[in-house]
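Structure first, commentary second.
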Amino acid sequence: MARVKFLCDADRCIECNACVTACKNEHDVPWGINRRRVITLRDGRPGERSVSMACMHCTEAPCAAVCPVDCFYTTADAIVLHSKELCIGCGYCFYACPFGAPQYPRLGNFGSRGKMDKCTYCAGGPLPASTEAEYRNYGRNRIAEGKLPLCAEMCSTKSLLAGDGEVIAQIYKERVLQRGYGSGAWGWQTAYRETIVT
Amino acid sequence: MSAPIRMATVLLICLTTIFAVGPVGAQHGRDTPPAGVGAQPSGADPTAESVTESELLNEIGKLQGRVTIPDGKAAILVQPQGRTYQSFHERWLPWIGAVVILGMAIALAVFYLINGRIPFGARPSGRTIVRFNRLERFNHWMTAASFIVLAITGLNYVFGKRLLFPLIGPDAFATWSQWAKFAHNAFAFPFMLGIVIMAIVWLRDNLPDRYDWPWLRSFGGFVSGEHPPAGRFNAGQKLIFWSVVLGGLALSASGLVMLFPFALVDINGMQVAQYVHAFSAVALIAIILAHIYIGTIGMVGAFEAMESGRVDIEWARTHHSAWIPPDDPDLPERTGARVPAE
């Protein structure tokens, strides 16, 4: 089984936000919830850079570790998923997540967050694959259809890569070799405790 | 020359110049890259000035930028402090909590096995005196009941999945935890109110006085069996009072931060609030265990004080000689016949 990962080649991201839009549309994500977003660092200053970020599906995922009801599970592909049935909306996963991935339908005052929602790597949830119930709760299950996450699939500059971690790391290495520069795999050290040596 | 022809000539010259010079300029850029970047086939590194992850992490410890969505929290790209929170929550807190709380329970058990119950220490006179009035008692029990609910539901956040989850399974445990969370949020309010009232009504009698140091030095006479003098509250009770007030303050402040997430602080502030909340909760639970022990099975006659509000006058004279002096002949307004528990 592959260990899937996300990799955003920040030298290619043009902040078009199409990954964000594709994700919202594919999974019918409600208002106020962003499973993926593009963050611009040093906006408007020399050295500006944009990075698309969602759940990184971490190794030893902090969200899963701190969850008081153990509602997370990891698939054979190392995708980190959770059960909304079990989630109690305590918010701990957001405090633990290095990438701000967990989202909640409500503001959260007096513990009123509601069930957590996050990027599923387009792999649905614990309900039967590709059912109406799974779609309503977790979004489309593209992995069950043999497809990769839509955000990366339709990225116009192929900045966002998704798939087997070894394969996308190789693609990135070759890119860096060819063009002569690369800013590294953003977030990988924190998420996977390793980075791509180029 | 007429004006149109003159203009056409100028235009022609301009275009010729552009086409003649243009390719030369481009050629120049391609053929002679700046010194020091020989390894790069496409020329200079266009991202040479761009920020890198390690730079930013060294600068402020996290990566923060700008997003086009209203949710300001989403502007943080990476906060490695989440990993710190993870190891605090899963590696340190369960151990610290278990050692401190179980340690206190074991210490109390050992103390009980060695010393047994602390005796009444006087011959009951049958005459009683008011020690705690209605407000004091009501407030004590309101705070106590809230604290017990808060402690159990709070411990559930850390130990529930380790102890209860394997016994009852994921679904029942999630349902219980959901209700436990609601209870934790709701009972916080009577607890906070109780702490405020407690601080007001008992502050005066809990200020340090000249009896405290000798009392502490003789360990309250628990071991020797003597009764060092004390005011309305002895130094041990004062320590409980200040632990509850200061611990309650820390719990309330950090708890309010958590009840209104991100209203006052950012993600790292939320993590700190959890650290403060967890550590003060563990400490206060251990202290309150000792308080419950001494107030129930640990000492004969102690429970009645907070139950009925009245204590035997001889008990008061023995244990709190600076509050009710032994030579005080009569206390007409405050004494009376023993009344049944309210």
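For residue A:51, state whether it is surrounded by 21 or more Cβ atoms within 10 Å (Cβ to Cβ), at the interface with another protein chain (Cβ under 9 Å from one of its Cβ atoms) and of a type in the set (Val, Ile, Thr).
Working: surrounded by 21 or more Cβ atoms within 10 Å (Cβ to Cβ): yes; at the interface with another protein chain (Cβ under 9 Å from one of its Cβ atoms): yes; of a type in the set (Val, Ile, Thr): yes.
Against the criterion (surrounded by 21 or more Cβ atoms within 10 Å (Cβ to Cβ), at the interface with another protein chain (Cβ under 9 Å from one of its Cβ atoms) and of a type in the set (Val, Ile, Thr)), residue A:51 qualifies.
The residue that is nearest to the other protein chains (Cβ to nearest Cβ), among those in the stretch A:103-142 that are among the aliphatic types (A, V, I, L, M) and open to solvent by less than 50 Å² (accessible area, probe 1.4 Å), is A:116. Of everything listed in (1) over 23 Å from residue B:47 (Cβ atoms); (2) open to solvent by 70 Å² or more (accessible area, probe 1.4 Å), the single unmet condition for residue A:173 is (1). Do the conditions hold for residue B:96, that is, is it surrounded by 14 or more Cβ atoms within 10 Å (Cβ to Cβ) and either touching a residue at least 40 places away in the same chain (Cβ under 8 Å) or in contact with a strand residue (DSSP E or B) (Cβ under 7 Å, 6 or more places away or on another chain) (or both)? Yes, satisfied.
Across the stretch B:260-276, the qualifying residues are those that are in contact (Cβ under 8 Å) with a residue 40 or more places away in the chain and buried (at least 19 other Cβ atoms within 10 Å of the Cβ), and the one among them that is farthest from the chain's Cα centre (by Cα) is B:267.
Would you mention how many residues in the stretch B:57-74 are facing chain A (nearest Cβ under 7 Å), surrounded by fewer than 19 Cβ atoms within 10 Å (Cβ to Cβ) and without any contact (Cβ under 8 Å) to a residue 12 or more places away in the chain?
If we filter the stretch B:57-74 for residues that are facing chain A (nearest Cβ under 7 Å), which is where we start, we get B:63, B:65-69, B:71, B:73-74.
Subsequent filtering for residues that are surrounded by fewer than 19 Cβ atoms within 10 Å (Cβ to Cβ) retains B:66, B:68-69, B:71, B:73.
Remaining after also requiring without any contact (Cβ under 8 Å) to a residue 12 or more places away in the chain: B:66, B:68-69, B:71.
Number satisfying all stated conditions: 4.
In the set (1) without any contact (Cβ under 8 Å) to a residue 24 or more places away in the chain; (2) aromatic (Phe, Trp, Tyr); (3) within 11 Å of another protein chain (Cβ to nearest Cβ); (4) open to solvent by 30 Å² or more (accessible area, probe 1.4 Å), the condition left unmet by residue B:173 is number (4). Of all residues being part of a loop (DSSP other than H, G, I, E, B) and open to solvent by less than 10 Å² (accessible area, probe 1.4 Å) in the stretch A:143-170, which is farthest from the other protein chains (Cβ to nearest Cβ)? Just the residue, please. Out of the qualifying residues, it is A:149.
Matching residues to (1) modelled with pLDDT under 95; (2) out of contact with any Asp or Glu (no Cβ under 8 Å at 6 or more places or on another chain); (3) open to solvent by 40 Å² or more (accessible area, probe 1.4 Å); (4) within 20 Å of residue B:187 (Cα to Cα):
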position: B:243; (1), (2), (3), (4): no, yes, no, yes
position: B:246; (1), (2), (3), (4): no, yes, yes, yes
position: B:278; (1), (2), (3), (4): no, yes, no, yes
position: B:281; (1), (2), (3), (4): no, yes, no, yes
position: B:291; (1), (2), (3), (4): no, yes, yes, no
position: B:308; (1), (2), (3), (4): yes, no, no, no
position: B:313; (1), (2), (3), (4): yes, yes, no, no
position: B:316; (1), (2), (3), (4): yes, yes, no, no
position: B:319; (1), (2), (3), (4): yes, yes, no, no
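How many residues are touching a residue at least 60 places away in the same chain (Cβ under 8 Å) and among the small types (Gly, Ala, Ser) if we restrict to the stretch A:21-80? Within the stretch A:21-80, residues that are touching a residue at least 60 places away in the same chain (Cβ under 8 Å) and among the small types (Gly, Ala, Ser) number 6.
The values are calculated or read from the model by the stated rules, or taken from the named source; none is laboratory data. Bear in mind that the values here come from a model prediction, so they are computed numbers and not experimental data. All Cβ positions, even for glycine, are placed from backbone atoms using ideal geometry, and neighbour counts span all protein chains on display. Heads up: the accessible areas ignore ligands, DNA and RNA and are worked out on the full protein's heavy atoms, side chains in. Shrake-Rupley method; radii C 1.70, N 1.55, O 1.52, S 1.80 Å.
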